[in-house]
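J.: Let me begin by handing over the structure; questions about it come next.
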Amino acid sequence: LVMLVLTQMATGLFAAAAISRTAELPLAAAGFLALNAGLFAAVFHLGRPLGAWRFFLGLRTSWMSREILAFSAMATVAAPAVGASFLFPGTAISFAMNAVTALLGVVSVFTSAMIYIDTRRALWAPAHSFGRFYGTTALLGAAASAIVFGALGFGSAMKIALAVSILAHALLLAGAFVPFERTKLSTLTLRHFLPWLVPARTVLFILATAASLLAFHAWPFAIGAFLTSFASQILERYAFFTTVRAPKMPGGI
């Protein structure tokens, strides 16, 4: 849960840093912190963390090995990107470094989704997995960026970021209500065993939207918009894992 949400948020922040010409340093620094926090959290879901260095042995067949490689590449470039944003702000150098980091993040999120898509489980189909993962990237990247823009006094940029976050949040929440026939058992699981989850996400969306609108007048409300959005995505990812139907091993085994 934590690893996926944080690394996707980091990708969104580096994308914002590449787009921004005035707040790239704090955005890149926030992305760097989120990325490393996410990668640190990843250690705790590995069966044998000390053997992670052997990931390259599975690059030809394993999406998890490819995910490790992609995030390792992203983490390698992220620190120089922050340095470039500090030493050469507003230049082609800092733009290129942040853009490359964001691009590697997009590739990394792709590999994260493919780990689940490759199981061929209905709930983890490409439309569901890519939509959720890249939706979180846009939502949390924009919501976190709004705090930075607001604190620095860039009102117009903050309003755009908040608008993006509200739209992404609405689309992600709408996905929880759509009755997919292929995911009927997952939908029933959600309704009967986790009846509180969708209402909770709905309340968080309302609170995030209200805080975003209030932030147009007082930027500290953007912090509340981010926190409620982050909580919503933790719940979304919880549902992603707990409601999936896995009757047998993947691949017909």
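J.: So which pairs qualify, if the first residue must be in the range 83-105 and closer than 10 Å to Ala28 by Cβ, the second must be in a helix (DSSP H, G or I) and open to solvent by 80 Å² or more (accessible area, probe 1.4 Å), the Cβ gap must be under 6 Å, and the two must be at least 6 apart or on different chains?
T.: Ala84/Ile93
J.: Could we say that Ala231 is out of contact with any Leu (no Cβ under 8 Å at 6 or more places or on another chain) and surrounded by fewer than 20 Cβ atoms within 10 Å (Cβ to Cβ) here? Walk me through how you get there before you give the answer.
T.: Working: out of contact with any Leu (no Cβ under 8 Å at 6 or more places or on another chain): no; surrounded by fewer than 20 Cβ atoms within 10 Å (Cβ to Cβ): yes.
Considered against the rule, which asks whether it is out of contact with any Leu (no Cβ under 8 Å at 6 or more places or on another chain) and surrounded by fewer than 20 Cβ atoms within 10 Å (Cβ to Cβ), Ala231 comes out as no.
J.: Can you pull out every residue in the range 1-25 that is open to solvent by less than 20 Å² (accessible area, probe 1.4 Å) and of a type outside the set (A, V, I, L, M)?
T.: Passing the criteria: Thr7, Gln8, Thr11, Gly12, Phe14, Ser20, Glu24.
J.: Now, a different point. Residues that are out of contact with any Ser or Thr (no Cβ under 8 Å at 6 or more places or on another chain), more than 24 Å from Leu4 (Cβ to Cβ) and modelled with pLDDT of 90 or more: list the helices (runs of 4 or more DSSP H) wholly contained in the range 140-253 that include at least 2 such residues. Reasoning before the result, please.
T.: Working: elements: 155-175, 184-193, 197-215, 221-242.
Qualifying helices (runs of 4 or more DSSP H): 155-175, 197-215.
The values are calculated or read from the model by the stated rules, or taken from the named source; none is laboratory data. What you see is a predicted model; the values in this text were computed from it and never measured. Quick reminder, even Gly has a Cβ in these numbers, built from the backbone with ideal geometry, and neighbours come from all protein chains shown. Surface areas here come from the heavy atoms of the whole protein model, side chains and all, with no ligands, DNA or RNA. Shrake-Rupley method; radii C 1.70, N 1.55, O 1.52, S 1.80 Å.
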